[in-house]
1. Residues Val133, Val165, Val158, Val146: which one is at pLDDT below 90, surrounded by 10 or more Cβ atoms within 10 Å (Cβ to Cβ) and part of a loop (DSSP other than H, G, I, E, B)?
2. Against the condition among the small types (Gly, Ala, Ser) and closer than 17 Å to Ala39 by Cβ, how does Ser97 come out, does it pass?
3. More than 20 Å from Gly57 (Cβ to Cβ) and either modelled with pLDDT of 90 or more or surrounded by 10 or more Cβ atoms within 10 Å (Cβ to Cβ) (or both): is that true of Tyr96 in this structure?
4. In the list Phe233, Phe223, Phe219, which residue meets the criterion of being over 20 Å from the mean Cα position of the chain (by Cα), under 18 Å from Gly56 (Cβ atoms), hydrophobic (A, V, I, L, M, F, W, C) and modelled with pLDDT of 90 or more?
5. Hey, which of the helices (runs of 4 or more DSSP H) in segment 181-258, taking only ones fully inside, have at least 3 residues that are touching a residue at least 60 places away in the same chain (Cβ under 8 Å)?
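The values are calculated or read from the model by the stated rules, or taken from the named source; none is laboratory data. Only a predicted model underlies this, so the values are computations on that prediction, with no experimental measurement involved. Every residue, glycine among them, receives a Cβ derived from its backbone with ideal geometry; neighbour counts consider all protein chains shown.
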Amino acid sequence: MKNIKKYLIRYLPLIFFCLIAVEQRAQKSEFKTLFGEVANDSIDISGIHVINASSGGKTITDQKGTFKIGIRKTDSIYFSSVQIKKQLIVITEQIYSSDSIKVYLEPLVNILENVTVRPHNLSGNIKSDLALVDKNDILNFDDVGVPGYKGNREEKIVFRNNSNVLLSTLLIPLGMPLNIEAVYKQLSGYYDTLRKSRALDVRNKVAVDIIQFYGLNFFKNEFNLNENNLYEFVIGALENSEMEQNFIYGNHGLVLQDLSSFYKSINEEL
């Protein structure tokens with residue numbers, strides 16, 4: 001019994017220190033995606049800035065007022081825009097454990113004390129004054145209730161490879177014209193370059209999303225990075241790991257492992 005007490009007295013501080021270290025390390029890895037929605041009946045709920053003041057992560061709400069942002073327990077989330085009062089939410093255990101939250105925003109009312117109205121060569125006749133205004137009405141499919149594509153149209157890649165060109169040429173029905181321009185673009189390497197360019201665009205977007213999701217403060221604290229070398233670091237990690245898929249599927253623990261492994265690898269080279 002005396003020996004047990006002796007060992008406890010000797011090693012208890014060390015055990016306690018190890019438990020604290022493990023707990024702190026676990027907390028650093030508790031990143032998760034918080035899905036949310038802002039609500040208000042009198043203001044536009046799109047374009048509201050959602051900022052994680054603790055990590056530096058940021059995003060904006062979409063047209064429906066929904067958003068997603070990376071969080072950890074006790075993080076402070078700000079909601080900010082010119083038309084709302086700044087609002088703060090602290091990520092409690094309850095919020096962290098929930099799948100989503102709904103935030104009710106309070107509009108910001110700007111009251112002008114003195115307003116001076118001056119004439120600008122107006123007659124007072126609304127009809128004649130409006131006739132002098134230059135305007136161009138733009139009619140689109142939304143105005144007539146017809147569904148349409150609102151994104152940026154990309155050039156279609158007609159052929160997957162050179163073999164596909166040969167096969168399509170042999171199987172083309174008699175009398176049907178051959179797409180000479182598409183054949184030239186494939187054989188000249190234009191389509192291959194276009195594919196690589198689009199792949200790089202996707203990777204660049206993922207890199208930006210990762211930086212915005214985890215925040216600049218997180219990368220500063222964890223990897224001693226600054227704004228000048230942060231982007232290149234994330235791109236390098238994407239090119240040397242499965243981090244892109246891990247991030248897309250929300251496997252944040254694996255993303256942090258990928259970042260840590262890449263950080264160790266480049267420092268070992270130095």
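1. Val158
2. Here the answer is no, as Ser97 does not meet what is asked.
3. no
4. Phe223
5. 190-214, 216-223
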